[in-house]
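Peer 1: Quick one: this structure, given as C-alpha cells, is what I'll be asking you about.
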Amino acid sequence: MIPANFDYHRPASVDEAVGLIEQYGDDGAILAGGHSLIPMMKLRFATPGHLIDLKALDELRGIEDTGADIRIGAMTTQAELRASAVAAEACPILAETVDVIADPQVRNMGTLGGNVANGDPGNDMPAVMMALGAIYVLRGPGGERETPANGFYKGIFDTERAANELLVAIRVPKPPAGHGYAYKKLKRKVGDYATAAAAVILALEGGACSHAAIALTNVGPTALNAGDAAKSLIGTSVDGEAQARAAELAMEICDPVSDMHGPVEYRRNMAGVMTYRAIAEALGRAKGG
Amino acid sequence: MAKTDIKLTINGEEVEATVEPRMLLIYLLREHLGLTGAHIGCETSHCGACTVDLDGKSVKSCTVFAVQASGGEVMTVEGLANGAELHPLQAGFAEEHGLQCGFCTPGMLMRTYRLLEDNPNPSEDEIRVGISGNICRCTGYQNIVKAVRHAMRELGHKEATE
C-alpha cells in the first residue's frame, strides 16, 4: 500500500497555494485532511506528481457567525465543526451529520472543505449543504467567486470547481429559527459510506410547512436534491400521508448502483425509508419535540 | 522526486529525518525509528491499530504522510508509561483483561489516552463511541471498556490525592 512518489509543497498563503495549483495543473492535487486522497493514492487510483498541502493556511480554518450566514473555513475539520457552539446554535444538522461520518480519528483529520469539494457521491456533507442552500467560495488566479452547492456536483468526482481554483470557505445561510432538521444515514458499520441517507430541513408556520428542503446521499452519481419531494410538503401539516408521498417522490429521483451496500432496488427503497424517517424526526424537532 | 527534510517531536524527543514525501507516518515510526508499538492492521484507516497522538489529537498514522506531521508533536504507545511505571490505562488493560492477542492494544491505549485527556469522565456510551474507530476482534470490547473505567478510577484517585 505504498503510494506513487510525489513532491510535497506546504504553501504559506492562499495566494501561494493558488499559484501552485495553477502551476502544476492536472499533475497537482490539493491535500486537505487527506482521508479521501491518501487512500486513493495508496490504491494508485490517484498518482499526483505534486501534493499541495493546505495545512499551514490558518486563514482557511474557523467558524464565524456573519449575521445571515455561518462562514466555515474549508480547512475546518469535522471534529472542529462538531465542537462549534456557533454551528450548534444556528445549524444543528451539521453536528448530527459529523457524528455519522467515519470515526473519531478520521474526523480529526477530515475537513469540511475536502468532504464537499472532492465530488465523491459517498460523502455526507454535499447533500446536507444542498438542503441548507449553502454557497461555496472558490478562489482562483482571477480572484474569488461564489457558487451554490445546488448545481456544484456534475458527476462522480466532477464538480463546478475549475482545476485552478481552491475552495476557501462554505457559507451556510442560517435556516429559519425553530426549524426542524435531521440527517438519517443507513450504513453497515461505523466508518462506512451510506447505503442511503437523507438530509431534511423544514419549518412550520401556524402548523403548516412553510419551508422544506430534502437531499440524498450515495443513491446517484452525485448527491441529489429532492426538490419535488420537498415541494410536496409545503402547505401540508406534514402528516403521515405527506411524509409517505415525499418519500415516494424522493425514491423516484434515485439512481443508485448495485454494490456491496446492496442491490439497486434495496438502496432506492432505503433512500425512501431514510427520507421518511428524516422528515418525521425534523417535524418533531420543528414542533419542539 | 525530491526527498524532504522533516523535523518533529516524538515522545518528547526531537527527531530529524530525510524522507520520501510518500512515506506514511506509520512507516517513519516503525521502520525508520524502530518504534514498533503502533501496528499496521488494515492500512486503510478502518482498524485503528496505527492510532497515535498528533498535536493532541488521535490520528491513524497509516493515513498521514510523515511530511504532514513535520513541525508537529507525536506521541506513541512507547511514550505512555512513566519509566517502569505503567500508565493507569496500561495497568487497567492488564488488570481487566482488556486484551487477548494484543494486536489492537497500542491503538486502543493511544485512543483511550486522548479520550480521557479530552473528557476525564466519559459515560460508557461515550467510551464506546470514542473507540468506534478501533477494531478489536478478540474481546468483544467489554473488557476494554472495563479497563478504561479502571484507569478513570486510578486517574481520579491520583488527582484527588495530589
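Peer 1: How much space per residue, in cubic angstrom, does the convex hull of the C-alpha atoms of the range B:88-154 take up?
Peer 2: Value for the range B:88-154: 69 Å³ per residue.
Peer 1: Shifting gears a bit: What is the sum of charges, Lys and Arg at +1 and Asp and Glu at -1, for the other residues whose Cβ falls under 11 Å from the Cβ of A:ARG61?
Peer 2: So the surrounding residues net to -3.
Peer 1: Exposure proxy check: A:VAL86, B:VAL59 ranked by fewest other beta carbons within 10 Å?
Peer 2: Final ranking by Cβ density, sparse to dense: A:VAL86, B:VAL59.
Peer 1: What size of dipole, in debye to the nearest 20, comes out for the range B:18-116 about its Cα centre when the only charges are +1 on Lys and Arg C-beta atoms and -1 on Asp and Glu C-beta atoms?
Peer 2: 260
Peer 1: Dividing the convex hull volume of the alpha carbon atoms of the range B:4-79 by its residue count, what do you get in Å³ per residue?
Peer 2: Hull volume normalised by residue count: 73 Å³.
Peer 1: How high is the relative contact order of the range A:113-210? Use alpha-carbon pairs under 8 Å, at least six apart in sequence, and give a whole percent.
Peer 2: Reported relative contact order: 27 percent.
Peer 1: What's the exposure ranking of B:CYS47, B:CYS101, going from fewest to most Cβ atoms within 10 Å?
Peer 2: Result, fewest neighbours first: B:CYS101, B:CYS47.
Peer 1: In vacuum, with every alpha carbon of the range A:7-52 counted as one equal point scatterer, what does the Debye formula give for log10 I(q)/I(0) at q = 0.28 Å⁻¹? Two decimals, please.
Peer 2: -1.04
Peer 1: Rounded to the nearest 20 debye, what is the charge dipole size of the range B:88-154 about its Cα centre when +1 sits on each Lys and Arg Cβ and -1 on each Asp and Glu Cβ?
Peer 2: Computed charge dipole of the range B:88-154: roughly 200 debye.
Peer 1: Would you pull out the residues with amide H under 5 Å of A:GLY62's amide H, same chain only if 5 or more places away, H placed 1.01 Å from N?
Peer 2: A:GLY73, A:THR76
Peer 1: Something else now. Work out the charge dipole of the range A:7-52 with +1 on the Cβ of Lys and Arg and -1 on the Cβ of Asp and Glu about the Cα centre, then indicate which of A:LEU43, A:ALA12, A:GLY33 is farthest towards its positive end.
Peer 2: A:LEU43
Peer 1: Residues in the range B:56-82 near a label at B:CYS138, defined as backbone nitrogen under 18 Å from the 7 Å Cα→Cβ point?
Peer 2: B:77-78, by backbone N distance to the label point.
Peer 1: Provide the FRET efficiency to the nearest 0.05 for the A:ARG188-A:GLU144 pair, computing r from the beta carbons and using R0 = 41 Å.
Peer 2: So the FRET efficiency works out to roughly 0.55.
Peer 1: Defining a contact as two alpha carbons under 8 Å apart and six or more residues distant in sequence, what relative contact order in percent does chain B show?
Peer 2: Relative contact order of chain B: 23 percent.
Peer 1: What do you get for Rg/Rh of the range A:60-173 when both radii come from the Cα atoms and Rh is the Kirkwood radius?
Peer 2: 0.93
Peer 1: Taking amide H atoms as placed 1.01 Å from N in the peptide plane, list the residues 5 or more away in sequence, or in a different chain, whose amide H sits under 5 Å from that of B:GLY72.
Peer 2: Residues meeting the criterion, in which the H sits 1.01 Å from N, are B:THR9.
Peer 1: Treat each spin label as a single point 7 Å out from the Cα along the C-beta direction, and report the B:LEU86 to A:ILE234 distance in nm.
Peer 2: 6.4
Peer 1: I would also like to ask the following. Enumerate the calculated ³J(HN,Hα) couplings along the range A:18-35 in order (Karplus 6.51 cos²θ - 1.76 cosθ + 1.60, θ = phi - 60°), each rounded to whole Hz, writing x wherever the residue is Gly or Pro.
Peer 2: The phi angles translate into 5, x, 5, 4, 5, 5, 8, x, 5, 8, x, 9, 8, 9, 9, x, x, 7 Hz.
Peer 1: Treating the beta-carbon of each Lys and Arg as +1 and of each Asp and Glu as -1, no other charges, what is the dipole magnitude of the protein assembly as shown about its Cα centre, to the nearest 20 debye?
Peer 2: 1040
Peer 1: Once the dipole of the range B:4-79 is set up with Lys and Arg at +1 and Asp and Glu at -1 on Cβ about the Cα centre, which of B:TYR27, B:VAL74, B:GLY12 lies farthest towards its positive end?
Peer 2: After comparing all options, I get B:TYR27.
Peer 1: Does anything in the range A:129-173 have its amide N under 17 Å from the 7 Å Cα→Cβ label point of A:GLU22, and if so which residues?
Peer 2: A:138-145, A:162-168, by backbone N distance to the label point.
Peer 1: So for the protein assembly as shown, Kirkwood radius off the Cα pairs, Stokes-Einstein at 37 °C and 0.692 mPa s: how many µm² s⁻¹?
Peer 2: 142
Peer 1: Cut-off is 10 Å between beta-carbons; in what order do A:TYR24, A:TYR181 appear when sorted fewest neighbours first?
Peer 2: Fewest-to-most ranking of A:TYR24, A:TYR181: A:TYR24, A:TYR181.
Every read-out reported here was derived from the displayed coordinates using simple, explicitly stated rules and does not represent laboratory data. Here the structure is a predicted model, which is why all the values come from computation and not from measurement. Because the Cβ atoms are built from the backbone with ideal geometry, glycine has one as well, and the counts that use them run over all protein chains shown.
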